[in-house]
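The values are calculated or read from the model by the stated rules, or taken from the named source; none is laboratory data. Model, not experiment: these values are computed from the prediction. With ideal geometry, Cβ positions are generated from the backbone for all residues, glycine too; neighbour counts draw on all protein chains shown. Accessible surface is based on the protein model in full, side chains and every heavy atom, while ligands, DNA and RNA are left aside. Shrake-Rupley method; radii C 1.70, N 1.55, O 1.52, S 1.80 Å.
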Amino acid sequence: PGTCVQKRPRHRRTDAGLTMLACNSSFMGVKPATRGVPISSSRLGAQRLCVTAAQAPKRGTAKFLGAKPKPSSARQPGTFKKAQANTDDEKALTAKRQWNLWYALPLAPYNVRPTVFREAIRGKIYMLEQSQGVLNVLVNIRTVVVVLKEGGLWVHNPLAPTKEYMEYIRMLEKKHGKVKYIVLGTTQVEHKVYLGPVARKFPDAEIYVAPTQWSWPINLPIELLGLFPRRISGILADTFDGGKFPGEPAPFSSEFEQAVISVPQKLGPFTEVAFMHKPTRTLICTDAFQYVPVDPPEVLPVKSLLIRARDAPGKVLKDTRASRRQGWAKTILFGLYFFPGAVKPAIYDDGPIPNVEDGFKWNDSWKESFRKTSQKLFVPPILQVLYFNRSPDDVMAWAQTLAKWDPQRVIPAHLAGPVKCTGRSLLSAVQTALTPGKTSPYPKDDIRWLEEFDTEFESQGLTSPTAINSRVNDMSKPGVYF
């Protein structure tokens, strides 16, 4: 009697402190109702408990009393160092992805631009991808790098030159030679905004740009546009007889065919140069042809996909492959059609403060819309509605030139790439855009907003008049949106 023993629990320490097993109510000084419940040392203290030898718990009695040791939540040896190392790695990676000139074109993901590197054709063509967009509607944007026969690199549509992006380019330079040519194949601002910063990274490279470059609200010459390099080596031209944009052949013309399409519009022309890499029979373009894959591109942020996946405000989904696919499908419908038929705004449903993150309600028709739009080569709706129907003859002649080259694959600047194709499939995509019928990839309810927008602006003289009626909807009826 009076023996003093140290109570030593059979389970490990937890974050709450030393736990003790209430194996005997008289021993622990607690009510019988709490028998078998782990008691925190914050309640009992870490004092030595005086008991009789008969009352001292024996080894193995914990199992007999039905108490289960709690798993330890304590940090194991070395895990702090690992966690610190992971944090340091994340900080270093974020620093490599920093883009300080994001305000020149303030699109998401703003100042942090991850880059994904892929090989399109082994040892010959490479791709670097970043993401861009607004309101969690982000798509991938792509640089294509071609290895030249005589050595060196040909770079198409450069992206934000972050440290990560530049490391990939330098890696290719070590393997294949210096960057010799940087090519801008479009007049669209989301592509040309990076040309100047990248050109300054390669002072010895020659710079070639698409014709008819323009700016708004004041149309300045190329030399006065701050984001352009001040040294332009040449303007890209057609490489075939009879083209509307003749000119001196570029020094890389032995490996590339070129064809220019330019469609005038009141605000500014849409101009794009398609390149045919003859050694690999690969067509390289910017926006004219696209292919929507079922799965989202790797570079897109998962958070944005999961927000876009929601069917209504606040309806959060778990991070699964199905959820990501759903978010990607709705992202595509927003990105291509701006206001697809399956969605209704719910921005003010929760009060006067607008919910621009997920303030939308979707019905199930988005599934059929995505099915009709995805997994086929097509001309994007905005080009079909606002541009190609203004100069259908020029567009068709351009498509026929591409078809004669008979490429085996096409690499656009967005969405899927490379995509298998033939000259016939390219021609079919353009023909469908100019004369959409039952096989149209543009669902009527989805493309309606774009068509009504263009019809309204054309009636007010804000857009150029259409040369043909390529509308999917009947614009003689009262509009839904305008």
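Structure values in brief
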| read-out | value |
| --- | --- |
| Residue count, the stretch 401-458 (criterion: open to solvent by less than 20 Å² (accessible area, probe 1.4 Å), assigned to a helix (DSSP H, G or I) and farther than 26 Å from Leu184 by Cα) | 7 |
| Subset of the stretch 459-482 (residues that are of a type in the set (Val, Ile, Thr) and either under 17 Å from Gln431 (Cβ atoms) or open to solvent by 40 Å² or more (accessible area, probe 1.4 Å) (or both)) | Thr466, Ile468, Val472, Val480 |
| Qualifying positions in the stretch 342-355 - open to solvent by 70 Å² or more (accessible area, probe 1.4 Å) and within 25 Å of the chain's Cα centre (by Cα) | Lys344, Pro345 |
| Selection status of Asp394, under 20 Å from Met276 (Cβ atoms), open to solvent by 10 Å² or more (accessible area, probe 1.4 Å) and of a type in the set (D, E, K, R) | yes |
| Of all residues making up the stretch 114-131, the number that are in contact with an Asp or Glu (Cβ under 8 Å, 6 or more places away or on another chain) and either aliphatic (A, V, I, L, M) or crowded, with 20+ Cβ neighbours inside 10 Å (or both) | 6 |
| Test: residue in the stretch 425-433 that is in contact with an Asp or Glu (Cβ under 8 Å, 6 or more places away or on another chain) and within 30 Å of Phe256 (Cβ to Cβ) | no |
| Total residues in the stretch 232-287, condition polar (S, T, N, Q) and touching a Gly at 6+ places or on another chain (Cβ under 7 Å) | 1 |
| Any pair with Cβ under 9 angstrom, 6 or more apart, that starts in the stretch 87-103 at a residue that is modelled with pLDDT of 95 or more and ends at one that is loosely packed, with under 14 Cβ neighbours inside 10 Å | Lys96/Glu167; Trp99/Tyr110 |
| Test: residue in the stretch 316-328 that is part of a loop (DSSP other than H, G, I, E, B), touching a strand residue (DSSP E or B) at 6+ places or on another chain (Cβ under 7 Å) and of a type in the set (A, V, I, L, M) | no |
| Options Phe275, Phe334, Phe339: the member that is over 18 Å from the mean Cα position of the chain (by Cα) and open to solvent by 10 Å² or more (accessible area, probe 1.4 Å) | Phe339 |
| Some residue of the stretch 239-250 being aromatic (Phe, Trp, Tyr), open to solvent by less than 30 Å² (accessible area, probe 1.4 Å) and assigned to a loop (DSSP other than H, G, I, E, B) | no |
| Selection within the stretch 394-427 - out of contact with any Gly (no Cβ under 7 Å at 6 or more places or on another chain) and without any contact (Cβ under 8 Å) to a residue 24 or more places away in the chain | Ala397, Lys420, Thr422, Gly423, Arg424 |
| Helices (runs of 4 or more DSSP H) contained entirely in the stretch 157-222, each with at least 3 residues that are under 28 Å from Asp238 (Cβ atoms) and small (Gly, Ala, Ser) | none |
| Failed condition for Glu164, given (1) among the charged types (D, E, K, R); (2) open to solvent by less than 40 Å² (accessible area, probe 1.4 Å); (3) touching a strand residue (DSSP E or B) at 6+ places or on another chain (Cβ under 6 Å) | (3) |
| One residue from Leu107, Leu148 being within 13 Å of the chain's Cα centre (by Cα) and touching a residue at least 40 places away in the same chain (Cβ under 8 Å) | Leu107 |
| Qualifying residue in the stretch 261-269 (condition: in contact with a Cys (Cβ under 7 Å, 6 or more places away or on another chain) and either closer than 30 Å to Trp154 by Cα or at pLDDT 95 or above (or both)) | no |
